[in-house]
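Here's the structure we're looking at; comments come further down.
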C-alpha cells in the first residue's frame, strides 16, 4: 500500500532524526554547535520527503527547545525580518535553507497557537507569515525566474511545498491584496500560458468565498472580483458560474439584445484581463452553430482593423474558431482576436499556411508529445491550432517554461512577430516529418539526425508550439554551436543570423574577451551600442526588426547569474521623456530585479503587451552582445564621457566585477 | 546542569574537542581544558574551565604546567590527540610521582620503538625496519620480495611506509615500486617500514583500569582509511577471546596500569594475530561517536573513568555495557575523499541519502575547487555516518560508498 511504502522511507529518517534530536537536546551549551549541523541535515532529508513537513510539525517545539536556533540569528524570532526570508530560502547552503524552513514552521506553530513564544504574539506570527508568502508569490505561483532556474537548489521543491503548506494553513487573507496585484502584474504581460495564474485566481476565489465578511469593498476586493468574474462569470447570463450546459440553454432562450450584451461583455472581460472564460468559448461556438456569426466580431472585441481582417477572411477565421476554441482551450479566443488586429492575414502566404495547418495530420510523435504535455481533453491537433493562434496573437507572450531553451523561445517569438510565414513552415516540417531542416552557412542541418541539445526532454511546461518545435530547434542550435566551436569567438556571432533570420545584423559586438572572460574594449562597446540603437545618437533611426541581444543576468544583489538571450524590440522615449529599451525576455516573467536599482519594468513606462523595458543606460549596463546591420547611420552624435562612465560603473559593480 | 562530585578530584583534558567538553559538562567530574590560546574566547564565553597552553614542543616548561595543574587539584591528565600524548605522560609522571609514565608515553609516540618493545615482549609483528632515506626504502622493498621468492618481473608485494609520530593514516604510504619511493619527500624521513600482511585488519578500543580490561570494542575496517563500523561482524567477533589475550599481553609488555589504548591488528587466514601499532589516545575516524550510537554510552566519559585514580570498580562496572550483546545496532562511518581533480560543490549522492541506514554527514562544502593531489593516505574531507541492524548490509553499504562522488 502507498501509506506503508511512505512509512518505509520515512521511518528510517525519523529514527536518525530522533537520535540526533536527543543528542542536540542533551548537549551542553558548549556542545550545541557541534550537533546543529547534523540536525539540519536530517531536517533537510525530512523536508525533501513528501510527508516530511507533517512529520516535522509536531517536533518543532522540541527542536526549538533542543537549541536548533542557539547562537544563530534565528534565536530571537521577534527580531526576524520577513523581507530576508526569500533570499535565505534561495541560498546555496542547504543547512541555512533548512534552518529557515524550521523557523517558518515555528512561526506557523505560534500562529496556530499550538506553541507560544515569548515576545512573539500569535497575531505577529501570522502577519510575518503573510508577508513572507506575499513576498515569495513567484514560488507559490510557480513562475520561474532566470536566476532561480540557473541556481536551482536541491531543496527548491521542498521549499515550494512548505510555502504552499503555510498558505493553506494561514489562509490567503492579508496576502490577498498582494496576490491580486501580482496576478494583475503578470497578466499585463499577456503570457500565453495562464494556467498557474488561473489556479491562483481560483485560490483567491475560494479564499474570498470562505471569508466573505473579512473583506470590505476595497480596491483589492474590486481587483480580485474582476479577475474572478473574468474567469468564472464574465457576463450577465454567466454571472453565478452556472455551468456550461445551463449557460448554453440560457443562450438558446435569449433574445438578440441579450446576446449582443453577452458578446460585448465577453470581449470586455477578455481584453481587460487577458483571460478567457470557458463561457466565452461556449458563446462563440453557440453563435457559429446557430448561424448568428454576425456576433463573432463583437465577441472578439475587434477594432476596425480587426473587423476588416475578419471580414476578408471570415471562412478561415470561423474554421479556426471551430477547431481551436474548445472547453480548456478557450484562451485561443484572445489569440485569434489579437492576430486579427495585427493584420498579418493580409500577408499573402499566411492564410494558405493556416489552411495547411487546419488540414494537417500530425505524426504520432507530435501527438504523443502534445498529449504528454496537455492531456487528451482536446485532440492534439486542436491544441496545436489553439497554440498557433495564441503565438501569432501574442508573439511576446511565449515563455521558455522551466527549460534551458531561451534561444529557441526567442526564435519562436521573433518569427511570430516578424516572419509568421516562416514559423508556419517550420511547424509544418515538424508536424508532417518529425524533422526540421535549417541551413548553416550553406550546410543543411536535419534535426532528426542530431543528438539532443540543451533540453534533454520535450518541454512539458511550455505552450503547444514550443512542445512541437523546441526539441528540433534546440538540437539545431546545439549543432550550430558545435560547428563553430573551434573558431575562438563567441558562437552567437554566426549562430544568431543563421538561426533567426536574414534580418539579424551581421556586425557583431561583444563586451568580453571569449578566451579570458574579461571586459574587452568596453567603452567602445558602450559607444557602439548608442550609435547603433539610440535614436539620439543614430540619426533618429528606429529599430526595424527585432534584434537578438545577450544579457548578463544579475540577481537582486547585482551578482552575476548567467548569460541570457533576449530580443530588442524598440528603443523609444517614454511618457516622461526618458529613452528606454523595450525588449522581449523569453523568460516567463520579465519583471525582474537585476540589483542596484535596476528593476525591469513591464507596464507603466510605455510598454506594449509582453514588452519589458529599462532606461537606455541601465539596459546597456547589463548588455554584453548585440548585432548591428552595418549600415552607416545618417548622422552620428557622439556619446558623452559621463554617460559612458555611468554605464561602465553600473556594469563594474555587478556582473563585470571580476572582469577587468 | 550536571552536579559535580566533590569527593573526586579534577581531570585535565589535553586538547580542544567540543564533543569531549560536551561529554564532561554532562558528567559528574570536575575538569579543566588545557588547550591552545585560540580556544580561549570560546571557553570564556561558555564558562568552560580553561588553561591556555602551547603544545608545540615538549620543553622544560612541562614541569610548570604540572605544578599549575596540581595546584588546581588535578589528579590526572588525559591526552586527546597524538601530539598531547607525551605531555600527558610528562604531567602524569609528576602528578602521580611515577617517572615511568613519561618513558611509556614516549614508546606510544614512536612507531619504531613501539614495535621493538612489542617484539621484545613476544608479540608477533611483521618484518619492519627504520628508514633514514630513499635507499633504505628500496632495499627493504627488494629484501622483502626476495624473501617471498619473487623473480625479477613478478609484481612486488607492497610494503608500508609510516611516519614515526603521526596519528592514524597521516603519513602512511603503500609502496609497490621504486617509482613510489621516488614520490616520497625528503622531509618525511625518518620513517618506519613494514612488510604487508595479507589479512583482515581491525582496531581495538580498550579501556583499562588497574591493569584490567574494563571494556573492549572491536572496530572492523571495511577498507583501511575509508570506513569502519562497530560492533564488528560475528565473523570477526569470534576472535574476541584471542584478541582479549593479545590486549592483555600488550598491557603486560607496555606496563599499562590505566587509561585507554587503541591498537591495530591483522588476523591472517590461519587465525594468527599480528600487532600493527598502538595509540594511547582516542582513535581518529570518530569511533567514539560510533560506540555512543551503537551502545549508548559516552566514550569520553569512559575515558575519564579509566584515567581517574579516584574512580572505583563499582563505578566502572555500572558504566560499561556488555560488549556486542548490549549493542542497539551497528554504527559505521565512511571517510570521504573527493574523487575528481576539480570540484565545485558538495552533493550527497541520492543512493547514500535515500538509504535507510544513512544517518547524517559531517562534510563541509569545498573551500577551493582544486583538489590537492593525495599523497600517502591523506586526510579525508569529512565523515558520513550510518546505523542499522544488519552488520553485513552495513559493511556492503560502506564498501559501496567508495564508488560514489560526494564532491562534484
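The values are calculated or read from the model by the stated rules, or taken from the named source; none is laboratory data. Predicted model, so just to flag it, every value in this text is computed and none were measured. Backbone-built Cβ (ideal geometry, glycine too); neighbour counts: all protein chains shown.
Worth pointing out:
- Close contacts from the stretch B:108-126, counting a first residue that is outside the structural domain of residue B:81 (by TED's automatic domain parsing) and free of Cβ contacts under 8 Å to residues at least 12 places away in the same chain and a second that is buried (at least 18 other Cβ atoms within 10 Å of the Cβ) and part of a strand (DSSP E or B), with Cβ to Cβ under 8 Å and a gap of 6+ residues or different chains, come to B:119/B:125.
- When B:309, B:282, B:323 are screened for being surrounded by fewer than 22 Cβ atoms within 10 Å (Cβ to Cβ), within 30 Å of residue B:397 (Cα to Cα) and outside the structural domain of residue B:95 (by TED's automatic domain parsing), only B:323 passes.
- For the stretch A:44-54, taking the residues that are in contact with a helix residue (DSSP H, G or I) (Cβ under 6 Å, 6 or more places away or on another chain), more than 10 Å from chain B (Cβ to nearest Cβ) and in a helix (DSSP H, G or I), the one that is surrounded by the fewest Cβ atoms within 10 Å (Cβ to Cβ) is identified as A:53.
- Counting only helices (runs of 4 or more DSSP H) that fall entirely inside the stretch B:12-84 and contain at least 3 residues that are away from chain A (no Cβ under 14 Å) and under 23 Å from residue B:279 (Cβ atoms), the qualifying elements are B:62-72.
- Residues satisfying the stated conditions in the stretch B:111-147, i.e. in a loop (DSSP other than H, G, I, E, B) and under 16 Å from residue B:255 (Cα atoms): B:121, B:122, B:123
- Within this structure, residue A:9 passes the test of being within 13 Å of another protein chain (Cβ to nearest Cβ) and over 15 Å from residue A:162 (Cβ atoms).
- Close pairs from the stretch B:266-289: first free of Cβ contacts under 8 Å to residues at least 12 places away in the same chain, partner assigned to a strand (DSSP E or B), Cβ under 8 Å, at least 6 apart: none
- Filter pass, residue B:210 being farther than 24 Å from residue B:327 by Cα, modelled with pLDDT under 90 and surrounded by fewer than 19 Cβ atoms within 10 Å (Cβ to Cβ): no
- Exactly one residue among A:70, A:93 is surrounded by fewer than 17 Cβ atoms within 10 Å (Cβ to Cβ), within 14 Å of chain B (Cβ to nearest Cβ) and under 29 Å from the mean Cα position of the chain (by Cα), and that residue is A:93.
- Selection status of residue A:612, buried (at least 22 other Cβ atoms within 10 Å of the Cβ) and touching a helix residue (DSSP H, G or I) at 6+ places or on another chain (Cβ under 6 Å): no
- Only one of the listed residues (B:302, B:294) is modelled with pLDDT of 90 or more and over 16 Å from the mean Cα position of the chain (by Cα). That residue is B:294.
Residue by residue, here is whether (1) over 15 Å from residue B:293 (Cβ atoms); (2) out of contact with any strand residue (DSSP E or B) (no Cβ under 8 Å at 6 or more places or on another chain) holds:
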residue: A:11; (1), (2): yes, yes
residue: A:16; (1), (2): no, no
residue: A:26; (1), (2): no, yes
residue: A:32; (1), (2): yes, yes
residue: A:36; (1), (2): yes, yes
residue: A:40; (1), (2): yes, yes
residue: A:43; (1), (2): yes, yes
residue: A:49; (1), (2): yes, yes
residue: A:57; (1), (2): yes, yes
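- Note on the stretch A:14-37: residues that are within 9 Å of chain B (Cβ to nearest Cβ), more than 16 Å from residue A:101 (Cβ to Cβ) and assigned to a helix (DSSP H, G or I) total 10.
- Residues in the stretch A:149-175 that are at pLDDT below 75, assigned to a helix (DSSP H, G or I) and more than 21 Å from residue A:610 (Cβ to Cβ): 1 in all.
- Answer residue from the stretch A:563-602, given it is within 21 Å of the chain's Cα centre (by Cα) and surrounded by fewer than 17 Cβ atoms within 10 Å (Cβ to Cβ) and is modelled with the highest pLDDT among those: A:599
- Residue count, the stretch A:432-442 (criterion: farther than 16 Å from residue A:352 by Cβ and in a helix (DSSP H, G or I)): 1
- Screening residue A:86 on (1) surrounded by fewer than 22 Cβ atoms within 10 Å (Cβ to Cβ); (2) touching a residue at least 24 places away in the same chain (Cβ under 8 Å); (3) in a loop (DSSP other than H, G, I, E, B) shows it passes everything except condition (3).
- Residues that are within 14 Å of chain A (Cβ to nearest Cβ) and either without any contact (Cβ under 8 Å) to a residue 40 or more places away in the chain or more than 30 Å from residue B:213 (Cα to Cα) (or both), drawn from the stretch B:313-335: B:328
- Unmet requirement for residue A:445, which otherwise passes all of (1) more than 29 Å from the chain's Cα centre (by Cα); (2) more than 30 Å from residue A:353 (Cα to Cα); (3) not in a helix (DSSP H, G or I): (2)
- Flag if residue B:289 is out of contact with any strand residue (DSSP E or B) (no Cβ under 8 Å at 6 or more places or on another chain) and either within 30 Å of residue B:78 (Cα to Cα) or modelled with pLDDT under 90 (or both): no
- Hey, residue A:103 within 14 Å of chain B (Cβ to nearest Cβ) and either without any contact (Cβ under 8 Å) to a residue 60 or more places away in the chain or part of a loop (DSSP other than H, G, I, E, B) (or both) or not: no
- Against the list (1) closer than 17 Å to residue B:358 by Cα; (2) under 23 Å from the mean Cα position of the chain (by Cα), the condition residue B:347 fails is (2).
- Of all residues in the stretch B:334-360, those satisfying the criterion of being touching a helix residue (DSSP H, G or I) at 6+ places or on another chain (Cβ under 6 Å) and assigned to a strand (DSSP E or B) are B:334, B:358, B:359, B:360.
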